[in-house]
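First comes the structure, then the notes that go with it.
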Amino acid sequence: MKYALVTGSAKGIGRSIAEELAKRNYNLLLVDVDESGLRIVSSNLKNTYNTQVEYLQIDLAIPAAGKKIFEWSSPWHNDLEIVVNNAAFGLNGAFAELSLDEQLDIVNVNVKAVVEICHRFIPVLIKKEKTYLLNIGSNAAYQAVPYLCMYAASKSFIVSFTRGIRYELRKTNISVTCVSPGSTDTNFVDRAGMGKSIRRTAEKYNLTPQKVARLGVDALFKGKSEILTGFNTKLGVFLSGIAPKIISETFGANIFQKKN
C-alpha cells in the first residue's frame, strides 16, 4: 500500500494531480475546504481507479491546520510516500482596498500551511526508502504583480522556500520539487474576483489542469528541482527576468488592474 496526500484536491490542479497519482496506483489522502467537492472526487477516483481514498474537509486558513491534517492522516503515515502542497488562492485588486482579513488568509493558506505541513511531514517521509514532496508555485512568483501582489508574493516565498529545503534534503531519500504553472483553466479567477478583461486574456493562454498535473507529476518522479508549465509560461518568466522591473510590473498591472 502506498499513499499520497494532496491539499486543495476538490477541484482544479489539485484534483488533477490526485487523479494522475491514482493512475499510478497511489491511494489518496485528500484535503480541501470544499466537502461536497471532496465527496465527488473521492467517489469518482474510487470507482474509476479502484484506489483507496480518504478525505478531510478543513480550511487551511485556520490556526494549526497543518497539525490537524497531520493527526488525521497518522493511520497512513507508514505508507505515505508523497505530500503535495497545492492549496492556494489569490485576490485581484489594490492591496489597500482589499479586506485585510482575506489577505492575511492568503498568507495563512499559501504560506503558513505549506510551511507547517512540510515541517510536520518531512520526518515521516524521511523514514521510507524513496519519497517525494511537491509544492505548487506560480509564474507570478518571479516578479512583483500589482493588483495581485499578495498572491505573487506568497508564491515567491514558495519558490524560494522549496529551493532551500530541496538543498537541505539533497542527501536524503526525499526528492523535493516546485512546479510553477502559468494561466490554467481552473476556478482561480472566480475566487480571485477577476474581471472579464482578465478572464479573456487568461483564456488565450490557458493550459488544462490535467496537462499541468501530468507535467508536475512527471517532474516529481524525475526528481526535477523546479519547472514552469508550458512554453508561454517559460517565455513570460524569461522576459520578466531580463526586463527592467518597472517594465514587468507595468505589464502586470495593465493585465490585473480591473477595468470593469
Exercise. Could you give the angle, 0 to 90 degrees to the nearest 10, between helix 231-242's Cα long axis and the longest principal axis of the Cα atoms of the chain?
Worked result: 60
Seminar exercise, completed: Restricting to Cα pairs under 8 Å and 6 or more apart, the percent relative contact order of segment 3-256 works out to 20
Exercise. Considering the chain as a Gaussian network with a 10 Å cut-off on Cα pairs, which listed residue, ARG39, ARG24, ARG120, attains the greatest mean-square fluctuation?
Worked result: ARG24
Problem set entry | Given LYS23/LYS46; LYS2/LYS46; LYS130/LYS234, the pairs whose alpha carbons are separated by over 18 Å | LYS130/LYS234
Exercise. Which of CYS149, ILE69, ASN206 sits farthest toward the positive end of the charge dipole of segment 3-256, with +1 on the Cβ of Lys and Arg and -1 on the Cβ of Asp and Glu?
Worked result: ASN206
Problem set entry | Normalised per residue, the volume of the convex hull around the Cα set of the chain (Å³) | 120
For this session: Would you look at the GNM of the chain, springs on alpha carbons closer than 10 Å, and say which of SER156, SER42, SER248 moves the most?
Result: SER248
For this session: Would you look at the GNM of the chain, springs on alpha carbons closer than 10 Å, and say which of SER154, SER99, SER16 moves the most?
Result: SER99
Problem set entry | Using alpha-carbon coordinates, inclination of helix 35-49 to the longest axis of the chain, degrees | 60
Exercise. Put +1 on the Cβ of each Lys and Arg and -1 on the Cβ of each Asp and Glu in the chain; which of ASN254, SER9, ILE242 then has its Cα farthest toward the positive end of the dipole?
Worked result: ILE242
Problem set entry | Dipole axis of the chain (+1 Lys, Arg; -1 Asp, Glu on Cβ), positive-most option in GLN52, LEU91, LEU133 | LEU133
Exercise. Given charges of +1 on the Cβ of Lys and Arg and -1 on the Cβ of Asp and Glu, with all other atoms neutral, how large is the dipole of the chain about its Cα centre, in debye to the nearest 20?
Worked result: 780
For this session: Report, in degrees rounded to the nearest 10, the 0 to 90 angle that the Cα long axis of helix 113-125 makes with the longest principal axis of the chain.
Result: 30
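Any read-out appearing in this document is the output of simple, stated calculations on the displayed coordinates, not a laboratory observation. Fair warning: this is a prediction, and the values are worked out from it, not measured in the lab. Note that each Cβ is placed from the backbone with ideal geometry, even for glycine, and that neighbours are counted across all protein chains shown.
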